[in-house]
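Student: Quick one: the structure is below, questions incoming.
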Amino acid sequence: MKAAMVRSAHALTPTVTQYWITRPPGGAPLPAAEPGQHVTMRVGPRVKTFTVVAVDADGYELAIRNRHRGDRRDHLSPRLHAGAPVRVSAPAGRFTAGHPAPFTHFLAAGVGINPVLAVLAGGRLRGWRLVYVDRGAAEFPFLARLRELAGEQDGTVVTVDTEAGGRPDWAEIVAAVPAGSTIGVCGPPPMVEAVRTAVDQAPGTRQLIADGPASGGSADVSPAVEVECVKTGITFEATQHQPLLDALNRNGVAVPSSCRQGICGTCEIEVRTGQIDHRDEVLTDQEKADSSFMLPCVSKSIGRRLVLNV
């Protein structure tokens, strides 16, 4: 991680703050980033992953929800004041303005709006529809900017305030999306899973691309797998109820990681032999079919033996 500092902090809503992260005085420039990518940031003893909302010549804009503002239990926001030192990882992830998917619909909840804003701000899409869910009329960061983009791009923004109207019916929302559409979904894991289920059960076919924790996968994975690591010469057996990434690190094979949710691509490793149950949101369909790479933070081996080029 590189040394960085908080350049400014500005409240967007009662619980969401905009931060600009930049290099410290005399420090090295931060790695180049694209809006929509993720950075892992160390703030004191805590390490968390956030979406890059925007970039400038000196650093990154982040929008972070601090649910316990002013509460002693909140160990993050009190440390994130202008001038505070932090450390950040290299940016990673593909849910950006350059994503090749021809998105027609977006479903976002909470700060899941951040990568959606990054994609829309790229200006490539037209005629899109966004369902934006948050709790409380005073929330919904970036709503004015999103409506501005909608006016420029023939888009539509629909807000759902769960405090006033309860949780949305994702099955109903997905069913209203025309078959053949491409949906981008960003939000908390339960919301992403509810949308996945709705897409699977809705009549017709819709492409779903998620910027969130991956899950699901094949039920045919082996309960344990023998893992051979070619470069390090280490072979060990790993149970698959725990992430393969943890087993690799525990057995002395250092694999860098960031989000640990299958969305950033930092831990991607080459597979020499083995069939993979891919559960990430990074690899393309062709790369998953080839099974020549995997993300060990979430994906698993289907067979009893796995040979990795690590």
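Student: Go through ALA144, ILE21, ALA289 and say which Cα lies farthest out towards the positive end of the charge dipole of the chain; charges sit on Cβ, +1 for Lys and Arg, -1 for Asp and Glu.
Tutor: Checking the options against the dipole of the chain, the answer is ILE21.
Student: I'd like the antiparallel share, as a percent to the nearest 5, of DSSP beta bridges with both residues in the chain.
Tutor: Of all bridge pairs located within the chain, approximately 65 percent are antiparallel.
Student: Residue by residue through region 16-21, which ³J(HN,Hα) values in whole Hz follow from phi under the Karplus form 6.51 cos²θ - 1.76 cosθ + 1.60 (θ = phi - 60°), with glycine and proline marked x?
Tutor: Rounded to whole hertz, the list is 10, 10, 8, 10, 10, 9.
Student: Continuing with the same structure: In whole Hz and in residue order, list the ³J(HN,Hα) couplings for region 100-106 that follow from phi through the Karplus curve 6.51 cos²θ - 1.76 cosθ + 1.60, θ = phi - 60°; x for Gly and Pro.
Tutor: Here the 3J(HN,Hα) series is x, 5, x, 4, 10, 9, 10 Hz.
Student: Same structure, new question: Work out how much length ARG124 to GLU172 would gain on full extension: take 0.36 nm times their residue separation and subtract the Cα-Cα distance, in nm to one decimal.
Tutor: So the extension gain works out to 14.5 nm.
Student: Additional query: Return the lysines within reach of LYS288: Cα separation strictly under 28 angstrom, same-chain partners fewer than 8 residues apart disregarded; answer none if there are no such residues.
Tutor: Partners within reach: LYS48, LYS231, LYS300.
Student: While we're here: What value in Å³ per residue do you get for the convex hull of the alpha-carbon atoms in region 75-183?
Tutor: Once divided by residue count, the hull of region 75-183 is 152 Å³.
Student: May I pose another question? How much of the accessible area of the chain, probe 1.4 Å, is carbon plus sulfur, in whole percent?
Tutor: Carbon-and-sulfur percentage of accessible area, whole number: 50.
Student: Can you list the residues, at least 5 places off or on another chain, whose amide H is less than 5 Å from the amide H of GLY136, using H built in the peptide plane?
Tutor: Sorted by chain and number, the residues that satisfy this are THR162, GLU163, ALA164.
Student: Can you give the FRET efficiency for GLU287 and LYS48, using 1/(1 + (r/R0)^6), R0 = 22 Å, r = Cβ-Cβ distance, to the nearest 0.05?
Tutor: 0.20
Student: Provide the FRET efficiency to the nearest 0.05 for the ASP200-HIS81 pair, computing r from the beta carbons and using R0 = 35 Å.
Tutor: 0.20
Student: Report the full-extension gain for the segment ALA138 to VAL307: residue separation times 0.36 nm, less the Cα-Cα distance, to one decimal in nm.
Tutor: 55.7 nm
Student: To continue, here is another question. Please report the orientation-averaged projected area of the chain, defined via the convex hull of its C-alpha atoms, in nm².
Tutor: Over all viewing directions, the chain projects a mean Cα-hull area of 17.1 nm².
Student: Please list 3J(HN,Hα) in residue order for region 268-278, calculated via the Karplus relation 6.51 cos²θ - 1.76 cosθ + 1.60 where θ = phi - 60°; whole Hz, with x for glycine and proline.
Tutor: 3, 10, 7, 9, 8, 9, x, 9, 10, 8, 6
Student: List the residues of region 296-310 whose backbone N lies under 17 Å from a point placed 7 Å from the Cα of GLN242 along the Cα-to-Cβ direction.
Tutor: 296-301
Student: Okay, moving on. How high is the relative contact order of the chain? Use alpha-carbon pairs under 8 Å, at least six apart in sequence, and give a whole percent.
Tutor: Worked out over the chain, it gives 14 percent.
Student: Got the relative contact order for region 91-136 handy, in percent, Cα pairs under 8 Å and 6 or more residues apart?
Tutor: That works out to 49 percent.
Student: 5 Å is the cut-off here: which amide hydrogens, built 1.01 Å from N in the peptide plane, fall below it relative to VAL43, excluding neighbours closer than 5 in sequence?
Tutor: Placed amide hydrogens put LYS48 under 5 Å from VAL43.
Student: Which value in deg cm²/dmol, rounded to the nearest 500, describes the helix-derived mean residue ellipticity at 222 nm for the chain, given -39,500 (n - 2.57) per DSSP H run of n ≥ 4 and division by the residue count?
Tutor: Calculated from helices alone, the mean residue ellipticity at 222 nm is -5000 deg cm²/dmol.
Student: Out of residues 5 or more away from ARG272 or on other chains, whose amide H comes under 5 Å of its own, with H placed 1.01 Å from N in the peptide plane?
Tutor: Answer set, sorted by chain and number: VAL307, LEU308, ASN309.
Student: Averaged over all directions, how much area does the convex hull of the C-alpha atoms of region 12-55 cover when projected, in nm²?
Tutor: The directionally averaged projection comes out at 4.1 nm².
Student: Using only protein heavy atoms and a 1.4 Å probe, report how much of GLU237 is accessible, in Å² to the nearest 10.
Tutor: Accessible area, nearest 10 Å²: 120 Å².
Student: Share of Cα-Cα pairs in region 1-156 beyond 22 Å, in percent?
Tutor: Cα-Cα pairs of region 1-156 separated by over 22 Å account for 42 percent.
Student: Sum up the charges of everything whose Cβ sits under 12 Å from the Cβ of LEU143, counting Lys and Arg as +1 and Asp and Glu as -1, but leave LEU143 out.
Tutor: -2
Student: Let me ask something else. In percent, how large is the relative contact order of region 89-203, given Cα pairs closer than 8 Å and 6 or more residues apart?
Tutor: Rounded, it is 31 percent for region 89-203.
The values are calculated or read from the model by the stated rules, or taken from the named source; none is laboratory data. Everything numeric in this text was worked out from a predicted model, so none of it was measured. Glycine also receives a Cβ, built like all others from the backbone with ideal geometry; neighbour counts cover every protein chain displayed. Calculation scope for accessible area: heavy atoms of the full protein, side chains included, ligands and nucleic acids excluded. Shrake-Rupley method; radii C 1.70, N 1.55, O 1.52, S 1.80 Å.
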